[in-house]
Amino acid sequence: MAHKILLDTDIGYDIDDAFCLAYLLSQPECDLLGITTVTGQAEERAMIASAICQAAGRDIPIFPGADEPLLIPQEQTVAPQAQALSHLAHRLYFPRGEAIEFMRQTIRMHPGEVTLLAIGPLTNVALLFAIDPQIPLLLKSLVLMCGVFNPRTHYAEWNARLDPHATAMVYRAPVPVHRSVGLDVTGQVVLSAAQIRQRFQHGFLPAVLQFADVYFTHKDRAVFHDPLAAACIFDESLCTFERGSVDIELDNMDLRGRTHWQSDRFGTHEVAFTVNSDHFFQHYFEILG
């Protein structure tokens, strides 16, 4: 049976969100129930998601979510890839203020069946869990591209840092399967801009490449952070996971959002610690066709 997926994304900043969406739209085992966007210019991010969905010939519900973190100022104020929208068909108007309720109703409609895949700051997910405390228990699983779990690391990963209080709320939630793919693992799956341009030439991928070309004006490669987190839902052999407990740093302002990992076979979190990069890229491009 297909995996029912809700995607929560900050598409439009780093290009890996767009590569992740392309993967989900191509994955025959994915029933993509909807997309919510998060962080600065959430509506422009919804337009980017709409452009990719339309290029793929898919009509997916899309809802702009929270523009601002729960308690701290916004660091990610714009979606630079929105400048490519002028070249692509996309929706212009989206329901505002309905993202959290859409997530809530969708999960309640399919209890125990939905995987919530969150690949941006966790503001929307934290609001969802706060508004309806039963939702974590009604999920099949929560999969995050979030954190960095090497104990020698002394910094906070971007998604965790942008809304650390939301991150803390989400890691405390009693989800049946609470899985994280962190920066120390995703950082191992990298392709050059030239390799990506060569591979994204068929189907709807040239539309994705238009957003990538904006990103490549200041980068010569892309790290497939978010696609790896997504792909692990469908092929668990891509990464090895360990069980333990994750706490989020909130007291030290310079390290807010840092993920503290403690191995524990009875812990409530699963964290990726290794990845087979060759296997990942073989899987990814087989799905894209």
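The values are calculated or read from the model by the stated rules, or taken from the named source; none is laboratory data. Only a predicted model underlies this, so the values are computations on that prediction, with no experimental measurement involved. Heads up, the Cβs are rebuilt from the backbone with ideal geometry, glycines too, and the neighbour counts pull from every protein chain shown.
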* Asked: Looking at the range 170-196, which of its residues are within 22 Å of Leu116 (Cβ to Cβ) and assigned to a helix (DSSP H, G or I)?
  -> Val170, Tyr171, Leu183, Val185, Thr186
* **Residue within the range 216-230 that is more than 20 Å from the chain's Cα centre (by Cα), without any contact (Cβ under 8 Å) to a residue 40 or more places away in the chain and closer than 13 Å to Phe149 by Cα present** => no
* Asked: So Arg96 fits all but one of (1) modelled with pLDDT under 95; (2) under 23 Å from Phe241 (Cβ atoms); what number is the exception?
  -> (2)
* Asked: Are there any pairs, at least 6 apart or on different chains, whose C-beta atoms fall under 6 Å, with the first in the range 35-60 and more than 18 Å from Ala99 (Cβ to Cβ) and at pLDDT below 95 and the second surrounded by 21 or more Cβ atoms within 10 Å (Cβ to Cβ) and of a type outside the set (A, V, I, L, M, F, W, C), and if so, which?
  -> none
* State the number of residues belonging to the range 233-289 that are at negative phi, out of contact with any Leu (no Cβ under 7 Å at 6 or more places or on another chain) and part of a loop (DSSP other than H, G, I, E, B). => 10
* Structure fact -> Counted residues in the range 39-85 being assigned to a helix (DSSP H, G or I), of a type outside the set (Lys, Arg) and either surrounded by 23 or more Cβ atoms within 10 Å (Cβ to Cβ) or within 17 Å of the chain's Cα centre (by Cα) (or both) come to 12
